[in-house]
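First up is the structure itself, then whatever we jot down about it.
What follows is calculated from the coordinates using simple rules that are stated; it is not laboratory data. Since this is a predicted model, take the numbers as computed values, not measurements. Cβ: placed from backbone, ideal geometry, glycine included. Neighbour counts: every protein chain shown.
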Amino acid sequence: MINNSKIKEEVKELRWEEEVNSYIQFIPNIEFSNAEGNSLKLNLLIYRDPMDELFNREGNQEKYPLIIYLQGCGWGWSKQDTFAFVPQLSEFAKMGYVIASVQYRTSDSAIFPAQIQDVKAAVRFLKANASLYNIDPERVGVWGDSSGAHLALLLGLTEGNEEFTGDREYPNESSSIQAVADWFGPTDFLTMSQYPSVFDHDSPHSPESKLVGGAIQENKDKARKASPMQYIHSEAPPILIMHGDQDDVVPYEQSLEFYRALKQAGNDVTMYKITGAGHIAFTQPHTLDVVKKFFDKHLKD
C-alpha cells in the first residue's frame, strides 16, 4: 500500500519566480516589405511567453535592445537561409536582446542597391512596430557575416543616403543604428582581386560582379558605390571587425585596410584577427563572447 505522507516527503520542490522572464518566443516569416513583387521576411526571437497572448494576459512589457542579423550568401551566390544562425542567435536573446534575422533580395532578382534598400526597410519596419515586439528603437545593432557584413557596414555608414533608402515603407522612421559587428565582410570591391582567393573577383561571374550588374573593373563607379570603404566618415557608429587570417573567399586584407581607414578617420573600431580560421562563422564560445561584450557595451551600458 502506498504511504501518501512518505510520497509527499519525497517530492522535490522548486519555486517559480513570477517576475522573471524566461521564455524565448520564435516568430518566423514576418513580412516587412514587398519590393517589386518580392515578399521580404524576417524571423524574430523575443524574450516573452507566447502563452500570454493565448490567454489574453498582458505579459512582458519590457523593452530590449535589438540586434539585426544579416546572413551571408554571396548576395545569392549560395542559398540565403535566414534560419541557419538562429540556434546561435537564441543565446543572445536569452541575454536580453530582441533578435531579427532579415532577408534581402539576391542579385539574381535585383542588382545593387536593392539589397541595402531592403535592409534599411527592415530597420524602419522594426522601429515602427517596436511596441509590438518589445524593442527599444533607440538601441539597435546590426551584425552580419560575409555579404551580410557588407550590408551591415553600409547600413551603419550611409544613414541619410536617399538612393540607399529608396521609396519604401515607413519613410518617416530612421534607419540609423548604434553598433555594427562585421564578420569578414567585403569592403572594397576594386581591390579584392589583389589578394589570393578561390574567386576571381574581377570575373563577370563573381558574386561582386553579379551584385553590381557587370564585371567589377569594367564598372568601377558601380563597384565604388557598392563598397563600404567609400562611405567612411568621422561619425560612424562603433564597429567590431572579425576576420580569419586563412579566409580564401574574402581576403583578410579587406578588413585590415578597412580598419586602418576607420582608425585614420577617428572612429571607434576594434579588429580581431582569428588565427587559423577560414571563411566560416566564428561560433566557438570565445569568439561569440567578443560579440556579446561588444553589443553589451554599446547597446546596454
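Out of the residues in the stretch 110-148 that are among the hydroxyl-bearing types (Ser, Thr, Tyr) and touching a residue at least 40 places away in the same chain (Cβ under 8 Å), which is nearest to SER227 (Cα to Cα)?
SER147
Quick check on SER107: is it outside any helix (DSSP H, G or I), in contact (Cβ under 8 Å) with a residue 24 or more places away in the chain and among the hydroxyl-bearing types (Ser, Thr, Tyr)?
yes
Restricting the search to the stretch 260-285, which residues are within 19 Å of the chain's Cα centre (by Cα) and either part of a helix (DSSP H, G or I) or farther than 17 Å from TRP143 by Cα (or both)?
Selection gives PRO285 alone.
What's the number of the condition ASP182 fails, among (1) buried (at least 20 other Cβ atoms within 10 Å of the Cβ); (2) touching a helix residue (DSSP H, G or I) at 6+ places or on another chain (Cβ under 9 Å); (3) at positive phi; (4) not small (Gly, Ala, Ser)?
The failed condition is (3).
Name the single residue, out of those in the stretch 1-45 being of a type in the set (A, V, I, L, M) and more than 30 Å from SER109 (Cβ to Cβ), that is surrounded by the fewest Cβ atoms within 10 Å (Cβ to Cβ).
Among residues in the stretch 1-45 that are of a type in the set (A, V, I, L, M) and more than 30 Å from SER109 (Cβ to Cβ), the one surrounded by the fewest Cβ atoms within 10 Å (Cβ to Cβ) is MET1.
Can you tell me which residue within the stretch 1-50, out of those that are aromatic (Phe, Trp, Tyr) and part of a loop (DSSP other than H, G, I, E, B), is nearest to GLY166 (Cα to Cα)?
It comes out as TYR23.
I'd like to verify a number: residues in the stretch 68-81 that are more than 25 Å from VAL198 (Cα to Cα) and either surrounded by fewer than 22 Cβ atoms within 10 Å (Cβ to Cβ) or of a type in the set (Ser, Thr, Tyr) (or both), how many?
Within the stretch 68-81, residues that are more than 25 Å from VAL198 (Cα to Cα) and either surrounded by fewer than 22 Cβ atoms within 10 Å (Cβ to Cβ) or of a type in the set (Ser, Thr, Tyr) (or both) number 1.
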